[in-house]
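Worksheet: the structure to be examined is printed underneath.
Computed from the coordinates by the stated procedures, all read-outs in this text should not be read as laboratory data. It should be emphasised that the depicted structure is a prediction, and the values quoted were computed from it without experimental measurement. Cβ atoms come from the backbone with ideal geometry, glycine included; neighbour counts cover every protein chain shown.
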Amino acid sequence: MQTTLDAVLTKKYLIGALAACTAVILVSNFVGQDTAILVGNLTYIPTAGSLLVLSLLILVRFGTMGHHGVAWFSFAAYAVSLFIAETLWIIQEMYLKIDPFPSAADIFYLISYPFLLMFFVSYFQPVKNAITKKLVAAAVIFSIGILIPSLYLALGSSPHIEMFDIILGAIYPIFDAMVLIPALIGVSLFFKGQVNLMWTLFCLGTISVFVADSAFLFAQNEDSYYTGNPMEIPYFWNYILLSFGVASHLKLFQKAKADSKLEDLK
Amino acid sequence: MDVVDIQIKKALVAFAIEKALLEMGEPVFQKVTKALRDDYNCYIPDCYEHPEYLKRILSDLYGNAHTAIITSIRNSLHDFSHQEPIQKFVSAIE
């Protein structure tokens, strides 16, 4: 069982990681834009990398059997596509010195969303009877409620950007709002349960990436965007929150030592 | 009710619980069996006599959603629900 001490320690490390990431980005911006771009790009390697490693570890733990196995397989595919997207972004910006938006990285960012939706659907499958219409309606209303003002603010700015870039930029907050619906359902569904820590972190992560994508669209339209700017902090938070969420689930369902010993004896 | 009859009903209940948990994933099954062992020093077939143990563990783990897992167990036992002990078990975990 996850003890109270574990939960407190998880939160302590989580807050520390969020604060450290924020401090690194803010200090690099204080030094200069070039430093911010370098630090911003480099920060994606440990953040997206830790999510990738943890999602592969939980996939090994759950396997591909059962609804949760399928869910974690989808989540691992989500983490892999995000890691590929971040790597492509870094290569284009730091090595090829070309504008990474729009680029091949966007293909991988976009294909990560169906995998995340598959994760939610598979995870909810055994408990689908507990999902009420009222709960779904509340989550949909909340998502649409935050999507409309953010799109209005982001798209209402400078018109000197190409239509394709605007549409591509707008797709992200729309997809984020779509994945926010099951994330909110998860928090409510597993309320008071030990798995709820993961769902709360996933929900906060989804909200973070929604804020970051809206800010990205806004800054892109204003032509003021650069990798590593403070508006990107929620992107890093998303990776950290998801990583801690997966880690908490991994710890909750870790293999019992006694069981391992018994299996060794077999 | 004779001993064999009790054993059969215990096995039926254990099968329904294991099926519901394994459908979710083997680590979920392992987690529940470990919690039963650690907290109550018992095993899945013992839930036939102590359904409240299973109910508490599922509630601790899955919060509000535990009711859906219980529904899945109840549905597996549907064909035997006319038998009083099974009916008692189902009512106790709900």
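With contacts defined as alpha carbon pairs under 8 Å and 6 or more residues apart, what's the relative contact order of chain B in percent?
On the way: 71 pairs, mean separation 30.1, N = 94.
Relative contact order here is 32 percent.
Roughly how large, in nm² to one decimal, is the mean projection of the convex hull of the alpha-carbon atoms in the stretch A:4-252?
Values: hull surface 53.2 nm².
Over all viewing directions, the stretch A:4-252 projects a mean Cα-hull area of 13.3 nm².
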Karplus (6.51, -1.76, 1.60) ³J(HN,Hα), θ = phi - 60°, over the stretch B:20-27, in Hz, Gly and Pro reported as x = 4, 6, 5, 5, 6, x, 4, x
Residues with amide H under 5 Å of residue A:194's amide H, sequence separation 5 or more or different chain, H placed in the peptide plane at 1.01 Å from N; which?
-> B:61, B:62, B:63
Mean Cα-pair separation over length for chain A, i.e. relative contact order, pairs under 8 Å, 6 or more apart, % = 26 percent
Within the stretch A:178-192, the residues whose backbone N lies under 16 Å from a label point placed 7 Å from the Cα of residue A:132 along the Cα-to-Cβ direction are A:185-192
For A:122-131, what's the mean count of beta carbons from other chains sitting within 10 Å of each residue's beta carbon?
-> 5
Taking the C-alpha atoms of chain B, convex hull volume expressed per residue in Å³ | 83 Å³
Can you list the lysines whose alpha carbon sits under 24 Å from that of residue B:10, skipping same-chain ones fewer than 8 residues off?
-> B:19, B:31, B:34, B:55, B:88
Taking K and R as +1 and D and E as -1, what net charge do the other residues with C-beta under 14 Å from the C-beta of residue A:234 add up to?
-> -3
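Where does chain B land at 222 nm, in deg cm²/dmol rounded to the nearest 500, when only DSSP H runs of n ≥ 4 count, each adding -39500 (n - 2.57), divided by all residues?
Working: 5 runs with 70 residues, N = 94.
Roughly -24000 deg cm²/dmol at 222 nm, from the helical runs in chain B.
Within 10 Å of each Cβ in A:181-194, how many Cβ atoms from other chains are there, averaged over the peptide? Please report the intermediate quantities before stating the final value.
Working: counts 0, 0, 0, 0, 0, 1, 1, 3, 5, 6, 4, 7, 9, 6.
Mean number of neighbouring Cβ atoms from other chains: 3.
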Nitroxide proxy distance, nm - points 7 Å out along Cα→Cβ at residue A:257 and residue B:14 | 2.8 nm
GNM, chain A, Cα, under 10 Å: largest mean-square fluctuation among A:191, A:83, A:244?
-> A:191
Compute the distance in nm between two label points, each set 7 Å from the Cα along the Cα-to-Cβ direction, one at residue B:2 and one at residue A:31.
-> 8.3 nm
Which ³J(HN,Hα) values in Hz, rounded to whole numbers, follow from the phi angles of the stretch A:175-188 under the Karplus curve 6.51 cos²θ - 1.76 cosθ + 1.60, where θ = phi - 60° and Gly and Pro get x?
-> 5, 4, 5, 5, 6, 5, 4, x, 5, 5, 4, x, 4, 5
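Let me confirm one metric for peptide B:64-73, namely the mean number of other chain beta-carbon atoms within 10 Å of its residues' beta-carbons.
Working: counts 10, 17, 5, 3, 9, 4, 2, 3, 4, 0.
Neighbouring Cβ atoms belonging to other protein chains average 6 per residue here.
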Could you count how many Lys pairs in the stretch A:4-252 have their Cα atoms under 25 Å apart, skipping same-chain pairs fewer than 8 positions apart?
-> 9
